[in-house]
1. Just the ratio, please: alpha-carbon radius of gyration of segment 166-218 over 2.2 N^0.38 Å, N its number of residues.
2. Taking only Cα atoms, what is the 0 to 90° angle, nearest 10, from helix 160-171's long axis to the longest principal axis of the chain?
3. Provide the FRET efficiency to the nearest 0.05 for the Leu260-Gln312 pair, computing r from the beta carbons and using R0 = 41 Å.
4. How far, in degrees from 0 to 90, does helix 275-288 lean away from the longest principal axis of the Cα atoms of the chain, to the nearest 10?
5. Provide the per-residue ³J(HN,Hα) series for segment 318-325, in order, calculated from phi with Karplus coefficients 6.51, -1.76, 1.60 and θ = phi - 60°, each as a whole number of Hz, with x at glycine and proline positions.
6. May I ask for the net charge around Gly98, where only other residues with Cβ less than 9 Å from the Cβ of Gly98 are counted and Lys, Arg are +1 while Asp, Glu are -1?
7. Sorted from fewest to most neighbouring beta carbons within 10 Å, what does the list Lys58, Lys44, Lys212 look like?
8. Ranking Arg75, Arg278 by Cβ neighbours within 10 Å, fewest first, what do you get?
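What follows draws every value from the coordinates through simple rules; no lab data is involved. Worth saying up front: this structure is predicted, and the values here are computed from it rather than measured. Cβ sites come from the backbone with ideal geometry, for glycine too, and all protein chains shown count toward neighbours.
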Amino acid sequence: MTFRALVINKTDDHYQCELTQLETDALTDEDVHLKVLYSSLNYKDGLAITGKGPVVRKFPMVPGIDLVAEVIDSRSDEFSAGDQVILNGWGVGEKYWGGLAEYANLRADWLIPLPAKLTPEQAMWIGTAGYTAMLSVMALQQHHITPESGPILVTGAGGGVGSFAVYLLAKLGFKVTAVTGRESLYPYLKELGAVQFMTRSELDKPGKPLQKESWAGAIDCVGSHTLANVCAGMQYGGVVACCGLAQGMDLPASVAPFILRGITLAGIDSVMRPKADRIEAWQQLADLVDEEVLSKIGQTIVLEQALDYAHQLMDGQVKGRIAVKIA
Ligand code: NDP
């Protein structure tokens with residue numbers, strides 16, 4: 001039996017991703033055999049599909065770091081045929097064949113149940129981006145940042161993680177300032193709950209080590225000079241959740257805000273996050289997001305369009321989140 005999949009191949013001088021047929025026998029033997037319903041396109045999938053970043057560690061590779069699937073067959077007591085499950089990360093789509101295919105075999109340890117309040121499509125509109133935004137919000141909360149603490153800054157606000165960060169924070173009562181390089185997105189970000197805006201260019205160049213104390217918290221999707229300036233502009237005791245590197249992986253910062261204002265830089269990793277945190281984050285997402293707003297952030301394409309959209313994502317032309325309908 002064969003099934004449809006996006007497949008990435010690499011030779012010495014050629015990197016290629018194409019929609020093709022794979023043999024079911026080629027799937028690795030894991031606990032749970034899944035029929036994929038939806039996957040999604042994240043920044044990392046864009047890097048993998050276009051070859052613009054060294055994301056794929058093994059070839060041939062099926063990309064897709066996210067999926068919602070129905071269990072066909074399971075050797076684990078945790079799941080039975082017919083269950084709907086979510087997978088985010090764990091190296092899937094990088095080291096292990098991922099979600100941009102009709103079938104997948106995965107470890108039970110990596111899967112969590114799809115919360116009853118979410119449809120498979122909604123869960124993939126949320127995807128790793130929304131789940132990472134939720135983990136970032138949880139980090140601020142775990143460090144006792146509340147709406148009363150003061151305003152929160154979100155950088156890379158027009159992207160997938162940023163859009164969800166703005167929305168979730170606003171839903172929880174925080175006053176959110178959105179940083180974006182695209183002024184055309186102000187109405188969209190306002191609808192998600194942003195009350196103030198800054199342009200990307202105000203933050204993305206080298207700045208002073210200590211700046212005006214403006215923010216109680218921040219969710220940074222961008223890294224580099226932007227993150228250094230965010231740290232420099234935190235209020236005393238402020239907390240920055242660091243989750244992305246859209247501007248760069250470097251952090252040309254000073255220790256001044258840490259030792260003079262006692263700020264905290266909280267690192268957010270979604271890929272290897274323990275299962276209990278994942279279940280909590282997804283439950284909170286299911287409780288917080290409402291259908292109407294979700295449909296403003298998300299759009300759905302089919303597998304045949306994924307290659308084209310991956311290039312658009314890399315060119316910074318995509319707003320919000322893309323689910324990919326598989327079945
Ligand atoms: P998107 O491409 O959807 O969003 C990134 C946003 O960053 C863009 O929309 C843009 O926002 C802004 N941006 C892009 N280039 C630059 C630049 N040169 N300087 C400043 N801002 C820039 O990606 P995601 O939202 O999916 O991911 C955001 C980041 O988070 C990525 O770096 C990704 O790798 C990382 N990530 C990390 C995870 C983790 O586990 N820690 C999980 C998921 C993602 P705008 O146009 O509004 O300025």
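1. Values: Rg = 12.1 Å, N = 53, 2.2 N^0.38 = 9.9 Å.
Cα-based Rg divided by the globular estimate yields 1.22.
2. 60 degrees
3. Working: r = 43 Å, r/R0 = 1.05.
In this case the efficiency is close to 0.45.
4. So the helix axis and the longest Cα principal axis differ by about 70 degrees.
5. So the Karplus estimates, Gly and Pro as x, are 9, 9, x, 10, 10, 8, 10, 7 Hz.
6. Working: positive: none; negative: Asp45, Asp66, Glu94.
Net of charged neighbours comes to -3.
7. The fewest-first ordering by Cβ neighbours comes to Lys212, Lys58, Lys44.
8. Result, fewest neighbours first: Arg75, Arg278.
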